[in-house]
Amino acid sequence: MEEQRSIESSIDRQVTGKSSSPELSESSTGKEEGGHVWSTEVPNSLFTVRNPFEVELSGDWLFDGAFPVHLGEVYLNGKSLYECDGVDKVRKPVIWPDAKYPEDSLLTWYAEVGSTTTKIWANFGSVCAPIASGLINRDAAT
């Protein structure tokens, strides 16, 4: 059985993942950027096998979209946010009318993977992010 672990960010949100290494504990720095947008930067060493924000989804079951999507995911209070293809679209989200819940398509995220860190931006809408539970998946298999 894999152990569940939480990593507290400086904006009091949790980054949660599963790993077989119980000694792993990392802190990230997070800040409000205005307009309901928050960002955090996490060390790539946080990801145990591979960085899910770097791995593109592919397969015959996946419809081709306007941009490649990734295994990484950002959640708000247990609900998956919509991936964007740029930070500008996180700052100025547009409703996706074909979404099952179109108003939820305004809750968006974008990530940039660097050589040592991954920066993630998320638009949490009117929800107060430090009080809410903001999560990312840590392992590509999660």
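Here are a few things to note about the model shown:
- Computed packing ranks the peptides 67-77, 51-61 as 67-77, 51-61, most packed first, by mean other Cβ atoms within 10 Å.
- Contour minus Cα-Cα distance for ARG50 and SER80 (0.36 nm per residue): 8.8 nm
- Proximal lysines relative to LYS100, as straight alpha-carbon distance under 25 Å, when same-chain residues fewer than 8 apart are discounted: LYS79, LYS89, LYS92
- Inter-part distance where the stretch 44-100 and the stretch 103-117 are each reduced to a Cα centre, Å: 7 Å
- Full extension of the chain segment joining LYS119 with LEU57 gains 20.4 nm, where the gain is 0.36 nm per residue of separation less the Cα-Cα distance.
Where a number appears in this text, it was derived from the coordinates with a stated rule and is not lab data. Note that this is a predicted model, so its numbers are computed, not measured. Here Cβ is always computed from backbone atoms with ideal geometry, including for glycine, and neighbour counts include all displayed protein chains.
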